[in-house]
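Taken together, the values in this text are just the output of simple stated rules run on the coordinates, not laboratory data. As the structure is a prediction and not an experimental result, all values here were calculated from the model. Note that we place each Cβ from the backbone using ideal geometry, even for glycine, and neighbour counts take in every protein chain shown.
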Amino acid sequence: MQYRVDKFLPHAFEAIKQVKIKVKDKWFGLVERDETIPKAYKGYIAQLGASIIQAGVKAALTFYEAEEKGSEQDRRLVTAAIKYILTEGKKSDHKLSEWLVENDPNFEQIQQKAEAIMDAATALKLALRTYKMGD
């Protein structure tokens, strides 16, 4: 597993800086203006793995990719960063779930996809540790 996570680390560092989502005509990223990352993202990443194990890849991604109201931060940044890591930085307008289906329309190799998503999430979590966590 260590090799699988290590190969994603360079892309995880880049995802932290590059990935942004648009919310009501404004773009948001993981890194805030003061170069901190909201600590809520640590929890979101940890919960993603548990959600995949408990509910499956499709259900977990559907939950994470839904537009949020009333939560601290936007979980969609987590799946956008994971997609960036898995695609090695290739740009795409698709959500992670759409990208997975596009590359495997039958969604047959679910276990391999779940492992890759969790490995990318682990790499992202490790990369986030190099930043100061904000409120």
Quiz item: Any residue at all in segment 45-62 that is under 12 Å from the mean Cα position of the chain (by Cα), over 20 Å from residue 112 (Cα atoms) and not polar (S, T, N, Q)?
Solution: no
Quiz item: Among the residues of segment 40-52, is there at least one that is hydrophobic (A, V, I, L, M, F, W, C) and in contact with a Gly (Cβ under 8 Å, 6 or more places away or on another chain)?
Solution: no
Quiz item: Can you tell me how many residues in segment 1-35 are surrounded by 14 or more Cβ atoms within 10 Å (Cβ to Cβ) and within 13 Å of residue 127 (Cα to Cα)?
Solution: 13
